[in-house]
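Q: To start, I am sharing the structure in question, which I have written as structure tokens.
The values are calculated or read from the model by the stated rules, or taken from the named source; none is laboratory data. Quick caveat: nothing in here was measured; it's all calculated off a predicted structure. Every residue, glycine as well, gets a Cβ built from its backbone with ideal geometry; the counts of neighbours run over all protein chains shown. Remember, those area values only see protein heavy atoms, side chains included, never the ligands or the DNA or RNA. Shrake-Rupley method; radii C 1.70, N 1.55, O 1.52, S 1.80 Å.
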Amino acid sequence: TALDHCERLEPLRVADVCTGSGCVAVALAREFTRATITASDLVPDALVVAARNVERHGVSARVRLVVADLFDGVGGPFDLIAVNPPYVPLTDAPGLEPEVREFEPATALFAGPDGLQVIRRLVLEAPASLARHGLLMFEF
């Protein structure tokens, strides 16, 4: 891939925004062994879980955990910004499976009446944190 090619030339600078449990940060650190990764989340308790996962998978030397609201205090520029933001409309809450609705934190699931509140911010704010040919990838 293009990221593999870039990684061979110089270490990638990666941000995993809305990291939650840190699984994306860990996977990226394991895949791109020279990358430095900043994993951020608005919820400090999420970063406690992320820290355990980062340590468990042996990537703590290259993954920095930051309490942040999207890009505030995260730094940059980044070659890759990966995001798994909340994207469920609040009105969909009653229809979610109980194991999701009752056990996932609301801040990890819901993003306003149409589910796009955080995504709109990402699209507006990410360019300021991206390197010139950087990539923004997110799931929704």
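Q: Just how large is the dipole of the range 1-133 about the Cα centre, in debye to the nearest 20, putting +1 at every Lys and Arg Cβ and -1 at every Asp and Glu Cβ?
A: 520 debye
Q: With all protein chains present and a 1.4 Å probe, how do Arg13, Arg64 order by accessible area, largest first?
A: Arg64, Arg13
Q: Can you give me the angle between helix 44-56 and the longest principal axis of the chain, using Cα atoms only, in degrees from 0 to 90, rounded to the nearest 10?
A: Helix 44-56 sits at roughly 40 degrees to that axis.
Q: Just order 15-22, 73-80, 125-132 by mean Cβ neighbour count inside 10 Å, highest at the front, would you?
A: 15-22, 73-80, 125-132
Q: Label the range 55-129 by shape, choosing from rounded, prolate and oblate, from the square roots a ≥ b ≥ c of the eigenvalues of the Cα gyration tensor; if a/c is under 1.5 it is rounded, and otherwise prolate applies when a/b is larger than b/c, oblate when it is not.
A: Oblate, since a/c reaches 1.5 and b/c is not below a/b.
Q: Using a 1.4 angstrom probe on heavy atoms only, work out the carbon and sulfur share of the accessible area of the chain in %.
A: 59 percent
Q: Among Gly75, Leu96, Val43, flag the residue with its Cα farthest along the positive direction of the charge dipole of the chain, charges on Cβ as +1 for Lys/Arg and -1 for Asp/Glu.
A: Of the listed residues, the answer is Gly75.
Q: Still on this structure, please answer the following. What does the charge add up to near Ala39, with Lys and Arg as +1, Asp and Glu as -1, over the other residues with Cβ less than 13 Å from its Cβ?
A: After counting each charged neighbour, the total is +1.
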